[in-house]
Amino acid sequence: MAVTARPATTTGAPTVEPKVARPRGHRSEFLYFALRNWKFLLGFGCVLFMLLLAMVGPYLTSRAPLAFTGPTDAAPSSTYWFGTTSFGQDVFAQFVTGLRSAFLVGAVGGGIAWVVGATVGFTAGFRGGWLDDILNMITNVVLVIPTLAILIIVAAYLNVHSYATEAILIGLTSWPWAARAVRAQTFSLKTRDFVDVARLSARNTRQIIATELAPNMSSYLLMMFILLFGGAILIGASLDFLGLGPSDQISLGLMMNSAYSASGLLLGFWWWFVPPGLGIIAIVGGLYVMNVGLDEVFNPRLREL
Amino acid sequence: MRRYLARKVGIYLVTFFVAVTIDWAIPRLMPGNPIDRLLSRMQAQPGAEHVLRGYYSKAFGFDVPWWKQYLNFWAALFHGDLGRSVASFPTTVSSMIFGALPYTLALLVPAILLAFWTGNKVGAMAARRKNLDNTVLPAGYVLTATPQMWLGIVLAWVFASTLGWFPVSGAYSLSMQPTWSTEFVWSFLHHWVLPFLALYLVAFGGWAIGMRNMIIYELEADYSNYLASLGAPRKLVRKYAYRNAVLPQITGLALALGAVVAGAIVVEIVFSYPGLGTLTLGAIQNRDYFLIQGIFLFLIVAVLIANFIIDIAYVFIDPRTRLGMQGGA
């Protein structure tokens with residue numbers, strides 16, 4: 001959904017250059033270019049800052065995110081950095097705790113989608129035949145069904161009590177484009193000589209995928225994880241905004257939901273609904289920009305730009 | 001071409017079958033008796049509970065074996081029967097969906113098409129042009145990373161609530177009835193601008209970035225270099241690059257539909273726009289399960305139909321699919 005397909009259109013597929021005899025200095029070469037790529041540095045810095053804020057933030061305030069501690073509808077001040085909600089909750093405490101939920105949903109949801117997508121893609125691409133037909137059919141079916149629609153119906157019947165559950169649901173529905181991409185890359189790699197050599201030396205499918213195919217598209221796999229991570233955060237925010245996430249914890253989507261349903265919009269309580277959106281943009285936008293930077297780092301043809 | 005379309009239709013039929021099965025299975029697979037769970041979550045009045053229980057048992061058809069329930073579900077579906085709404089009782093789910101549909105389409109169709117068209121044009125212009133690229137690229141990334149509902153909230157706050165240029169909510173002035181009068185159309189357009197913008201801007205960013213990257217790849221291709229070395233004007237080379245780069249974008253359009261529909265749902269909620277999104281929220285809040293299930297099925301059918309239209313368009317645009325060569329994702 002949403003979001004899921006959006007990342008697929010935001011980058012062109014980088015071409016995979018097989019690196020059979022990997023020189024020793026390869027990793028440090030990437031590091032060299034990464035540290036000189038402003039897109040990577042900007043995106044990475046942005047995400048890192050938000051991550052630190054998520055980790056440290058809750059310790060900077062003594063107020064619990066859902067406790068009714070302060071005055072109601074207070075604008076940002078030195079005591080309440082981000083102001084308070086209509087119920088007297090501290091928006092800063094909600095924001096930093098919401099960031100934690102966002103990172104949790106991104107890591108778990110994106111991680112599951114990554115594992116499922118890579119497994120399905122490698123298996124379908126490498127084994128081929130009837131297995132490929134079946135996996136491809138499943139991929140196409142899940143790809144067409146709007147992720148949010150299926151999440152709405154599942155979350156409506158299943159009470160979602162934790163962000164981990166929500167993330168698992170997101171991960172299980174947002175993998176198809178990743179599977180497709182990995183399958184296509186595997187197709188183009190599996191006819192190379194070094195894969196034939198591995199086959200001749202009687203290594204099994206799993207070993208060939210793990211030692212020959214995956215290392216040669218590691219950059220692609222890393223970028224795929226980044227996009228899935230960002231996509232999962234966006235879908236999670238939509239679900240929470242619809243009120244389908246856990247209601248006894250706080251997330252950035254739920255903050256927007258409560259600000260909206262308490263008419264914060266009409267009353268102009270901008271400090272309540274602006275930060276959660278900016279937080280999501282900082283994380284997801286940072287991830288996307290970092291991805292472009294990585295693309296240039298891994299793909300020498302893009303570097304001169 | 002016939003094989004290409006037949007394969008696509010095959011996938012869509014399987015998807016439809018799977019979607020209907022999911023729609024049927026989810027209430028039955030969840031732990032516990034669905035009727036008890038529905039009633040406990042509805043917190044109905046004691047008198048109403050008895051009536052509701054009777055209605056649900058009949059509607060789910062639990063008194064017959066499961067395979068017969070499944071067949072009955074399909075039979076009802078082909079009669080256009082998606083059940084009745086619980087919150088606004090005798091109204092059928094299908095009539096509620098069709099009542100909300102025009103508003104959603106009025107937002108979605110222009111947003112999708114305009115964003116696709118302008119996004120691709122701007123993205124293509126930005127590629128390999130330093131100054132434009134340095135503005136389009138960051139703006140595009142910020143826009144794609146923006147949650148649509150948040151953009152909607154901010155637009156409503158700035159342009160409706162603070163500046164008062166546009167109305168905050170609804171699809172037309174509350175004092176009016178939908179007619180084809182000039183005042184009504186004007187009022188409708190006035191209410192339409194902000195939710196449209198929220199959907200349009202986010203989608204625009206995605207297409208602009210996608211096209212910018214595609215054009216760079218195409219301009220590096222052999223045919224571009226060859227054309228340039230023959231002394232073809234830069235404009236002509238770019239024109240050929242654009243025509244090749246737009247093909248994957250059209251495939252991307254089919255993939256992005258689900259995301260745009262999801263965006264429309266949340267944006268409608270922000271503006272209380274009386275389309276499917278607001279209907280969904282009401283259904284979630286009222287625990288109106290048949291309505292949720294009906295909307296789910298309807299959304300999937302709509303996305304399938306849109307996918308099919310894109311596939312047909314692809315046949316006209318990409319000659320390789322017509323000639324039975326490879327092509328088409």
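The values are calculated or read from the model by the stated rules, or taken from the named source; none is laboratory data. Keep in mind that what you see is a predicted model, and the values were worked out from it rather than measured. Positions of Cβ are backbone-derived with ideal geometry, glycine not excepted, and every protein chain shown enters the neighbour counts.
State whether the residues of region A:227-239 include one that is in a loop (DSSP other than H, G, I, E, B), in contact with a Phe, Trp or Tyr (Cβ under 8 Å, 6 or more places away or on another chain) and touching a residue at least 40 places away in the same chain (Cβ under 8 Å). Scanning region A:227-239 turns up no residue that is in a loop (DSSP other than H, G, I, E, B), in contact with a Phe, Trp or Tyr (Cβ under 8 Å, 6 or more places away or on another chain) and touching a residue at least 40 places away in the same chain (Cβ under 8 Å). A:Ala178 - would you say it is more than 11 Å from chain B (Cβ to nearest Cβ), touching a Phe, Trp or Tyr at 6+ places or on another chain (Cβ under 7 Å) and in a helix (DSSP H, G or I)? When the stated conditions are applied, A:Ala178 passes them.
Selection of region A:274-296 for residues being crowded, with 24+ Cβ neighbours inside 10 Å and within 22 Å of A:Ala64 (Cβ to Cβ) yields A:Pro275, A:Pro276. Going residue by residue through region A:80-87, is there one that turns out to be over 17 Å from the mean Cα position of the chain (by Cα), surrounded by fewer than 15 Cβ atoms within 10 Å (Cβ to Cβ) and among the aromatic types (Phe, Trp, Tyr)? Yes; the residues of region A:80-87 include at least one that is over 17 Å from the mean Cα position of the chain (by Cα), surrounded by fewer than 15 Cβ atoms within 10 Å (Cβ to Cβ) and among the aromatic types (Phe, Trp, Tyr).
Among the residues of region B:204-217, none is identified as over 29 Å from B:Val109 (Cα atoms) and modelled with pLDDT of 85 or more. Restricting attention to region A:231-253, the residues that are more than 9 Å from chain B (Cβ to nearest Cβ) and surrounded by fewer than 24 Cβ atoms within 10 Å (Cβ to Cβ) add up to 4. None of B:Ala245, B:Ala208, B:Ala228, B:Ala241 is closer than 29 Å to A:Phe241 by Cα and in contact with a helix residue (DSSP H, G or I) (Cβ under 6 Å, 6 or more places away or on another chain) except B:Ala208.
With the structure loaded, tell me whether A:Ala102 is outside any loop (DSSP other than H, G, I, E, B) and touching a residue at least 24 places away in the same chain (Cβ under 8 Å) or whether it fails that test. Spelling it out, A:Ala102 is indeed outside any loop (DSSP other than H, G, I, E, B) and touching a residue at least 24 places away in the same chain (Cβ under 8 Å).
Among all residues of region A:149-164, there is at least one that is more than 13 Å from chain B (Cβ to nearest Cβ), assigned to a helix (DSSP H, G or I) and more than 18 Å from B:Asp288 (Cβ to Cβ). Specify the residue that is nearest to the chain's Cα centre (by Cα); the eligible residues are those in region B:171-194 that are β-branched (Val, Ile, Thr) and surrounded by 12 or more Cβ atoms within 10 Å (Cβ to Cβ). Ranking the candidates gives B:Val193 first.
Residue by residue, here is whether (1) within 14 Å of chain B (Cβ to nearest Cβ); (2) assigned to a helix (DSSP H, G or I); (3) in contact with a Leu (Cβ under 8 Å, 6 or more places away or on another chain); (4) at pLDDT 85 or above holds:
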site: A:Ala8; (1), (2), (3), (4): yes, yes, yes, no
site: A:Val20; (1), (2), (3), (4): no, no, no, no
site: A:Arg24; (1), (2), (3), (4): no, no, no, no
site: A:Arg27; (1), (2), (3), (4): no, yes, no, no
site: A:Val47; (1), (2), (3), (4): yes, yes, yes, yes
site: A:Leu52; (1), (2), (3), (4): no, yes, no, yes
site: A:Arg63; (1), (2), (3), (4): no, no, no, no
site: A:Thr69; (1), (2), (3), (4): no, no, no, no
site: A:Gly110; (1), (2), (3), (4): no, yes, yes, yes
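Picking from residues in region B:103-136 that are of a type in the set (Phe, Trp, Tyr) and under 27 Å from B:Ser272 (Cα atoms), the one that is surrounded by the fewest Cβ atoms within 10 Å (Cβ to Cβ) is B:Phe116. Selection over region B:133-148 of residues that are more than 7 Å from every other protein chain (Cβ to nearest Cβ) and in contact with a helix residue (DSSP H, G or I) (Cβ under 6 Å, 6 or more places away or on another chain) gives a count of 5. For A:Trp130, the conditions (1) away from chain B (no Cβ under 13 Å); (2) free of Cβ contacts under 8 Å to residues at least 24 places away in the same chain; (3) buried (at least 22 other Cβ atoms within 10 Å of the Cβ) are fulfilled apart from (3).
Scanning region A:263-282 for residues that are at negative phi, facing chain B (nearest Cβ under 7 Å) and not in a helix (DSSP H, G or I) yields no hits at all. Of the helices (runs of 4 or more DSSP H) entirely within region B:193-304, those holding at least 3 residues that are away from chain A (no Cβ under 12 Å) occupy B:222-229, B:234-270.
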